[in-house]
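Every number here is computed from the coordinates shown, using simple stated rules; none is lab data. Here the structure is a predicted model, which means the values were calculated and not measured. Cβ coordinates were reconstructed from backbone atoms using ideal geometry, including for glycine residues, and neighbour counts include every protein chain displayed.
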Amino acid sequence: MVFYKKFNLSRLVENLSKSLDLILNGSPSNHALRVSFICILISYQMNFKLNERINLYLAGLLHDIGAVERETQLLLEYDKRDCVDLQRHAIVGYEILKKIPLFEEIALIVKDHHNPASNNLLSRIIYFADEVEVLLRRENLFEPKTLKAKIYPLYKNRPMFSDILDAFVEVIRNDAFFIMLSNVEEIKKYFVSHVEEKIVSVDAELFNRLAKSIAESFIDKKSKFTLTHSSDVAKTALAIARQVGLSNKDCKTIETAGFLHDIGKLFVPKSILEYPGKLSGNDWLRMKSHVYYTYSFLNQMELDEDIIHIASSHHEYLDGSGYPFGLNRNDLSTGAQILTVADIYSALRQKRPYRSNSFSHQEALEVLIGMANKGKINRDFIKAIPSDVLDI
Ligand SMILES: [Fe+2]
Ligand SMILES: [Fe+2]
Ligand SMILES: [Fe+2]
């Protein structure tokens, strides 16, 4: 019997894009959001089918995912773009996305987003929208005539762009375009009412693979101290779940939750994640907020309750002293209790910025037992950790 799960792929991509957005002069660049907005308007003019329109929207949000931070800044400055090898980040983005299940079509669109001769019309639309967005960012072209005068000479003799240019000229005929482009809140509202969500149905196996690649490509890459953390937690939690005899289905759910448990870290600044000491006050709250954001993120994806509960309870304790919701032994499922043990164990076995050494298996167990003695975590699951679960 195969169990299918439904989840909201658009929300996943939107949040990933938001977490990658670059802070410029103290505020988000919103480049990807604006590019995606321009793409959608063009696609309506060109009468695209629903599926193509959604794919274009999603690829617009992730098109620069392959760029490193310094590069991203240069990409946003029209005059400095020549200093960047534009193909490089497009190919890197493709390489990242093609490995993620369900992202194959998006990957292909991203691959060619700086290739004006691409056969892929959707890539050429992103190419165009990206250039327009960066141009608009540099100059204040908030008026159809001046914008048209600027864009027309750039594209009028390029047959590969003639339909796109015609569609765009229609798009900018009304003031609403300019008003919305200068107010991201309005773009977000437009997306809510105009961009259909992509709800996909996957079996537990495929979702597990998706979670694994999201962990590897996004979550664990966020900090050099966590390069294998999510996979380690998933591996440890799965080993414990098997050891205590849970069903295959429950084991899979726990492993999947392990891959996703720190997804909220995407919204915590690197300076906090890598702070080499004890955090306090507001900084400590921001660090702790990652698990609340895991909850919020997975909730928006409309995932299974089990996965959300297990993933977002990994800092909760049996005595109610954990965070973010202060749940206690009556609220915490077996899966959640296992994941908490697996998370602490894996963190102890790794090097961290706030301590010089990692712990051996035995030393880690001693710390865990100490916590069990204080009534915080479940002793049975500590005993179930195989000594060779992580190859460290
Ligand atoms: Fe790009
Ligand atoms: Fe965590
Ligand atoms: Fe963790």
(Q) Limiting things to C-alpha atoms, what are the Rg and the maximum Cα-Cα separation (Dmax) for the stretch 14-90, in angstroms? (A) 13.4, 38
Q: Would you calculate the separation in nanometres between label points at ASN157 and LEU24, each defined as 7 Å from the Cα along the Cα-to-beta-carbon direction?
A: 3.0 nm
Q | For q = 0.08, 0.11 Å⁻¹, Debye-computed log10 I/I(0) when each Cα of the stretch 204-383 counts as one equal scatterer | A | -0.22, -0.42
Q) In a solvent-free Debye calculation with one equal scatterer on each Cα, what is log10 I(q)/I(0) for the stretch 4-194 at q = 0.09, 0.10, 0.18 Å⁻¹, listed in the order of the q values? A) -0.30, -0.37, -1.34
**Q.** Sites GLU77 and ASP203 - FRET efficiency at Förster radius 45 Å, r taken between beta-carbons, to 0.05
**A.** 0.50
Q: Check the straight Cα-Cα distances from LYS150 and name the aspartates and glutamates below 16 Å, setting aside those fewer than 8 residues away within the same chain.
A: ASP79, ASP130, GLU131, GLU133, GLU139, ASP166, GLU170
Q) What length, rounded to one decimal in nm, is gained on full extension from ASN119 through to LYS145, with 0.36 nm per residue of separation minus their alpha-carbon distance? A) 6.3 nm
Q: May I ask for the distance between the Cα centers of the stretch 282-336 and the stretch 345-392, given as a whole number of Å?
A: 20 Å
Q) How big is Rg to Rh over the stretch 200-262, alpha-carbon atoms, Rh as the Kirkwood inverse-mean-distance radius? A) 1.00
Q. When the Cα centres of the stretch 172-209 and the stretch 74-122 are compared, how far apart do they sit, in Å?
A. 20 Å
Q: Apply 1/(1 + (r/R0)^6) to the Cβ-Cβ distance of ARG138 and ASP391, taking R0 = 51 Å, and write down the FRET efficiency to the nearest 0.05.
A: 0.55
Q) Dipole magnitude of the stretch 204-383 about its Cα centre, charges +1 at Lys/Arg Cβ and -1 at Asp/Glu Cβ only, in debye to the nearest 20? A) 640 debye
Q.
Give me the three principal axis extents of the chain from the C-alpha atoms, as integers in angstrom, largest value leading.
A. 74, 49, 33
**Q.** Label point at ARG379 placed 7 Å out along Cα→Cβ; residues across the stretch 327-360 whose backbone nitrogen lies under 19 Å
**A.** 329-330, 334, 337-342, 345
Q) In the stretch 14-58, which trypsin sites (Lys or Arg not before Pro) are in a loop and have at most 11 other Cβ atoms within 10 Å, using DSSP for the loop call? A) LYS49
Q. Expressed as a rounded percentage, what relative contact order does the chain have, with Cα pairs under 8 Å and six or more residues apart?
A. 16 percent
Q) Which listed residue (MET180, LEU50, ASN30) has the Cα farthest towards the positive end of the charge dipole for the chain, taking +1 on Lys and Arg C-beta and -1 on Asp and Glu C-beta about the Cα centre? A) ASN30
Q.
Need the full-extension length gain, LYS351 to LEU285, defined as separation in residues times 0.36 nm minus the C-alpha distance. One decimal, nm.
A. 21.5 nm
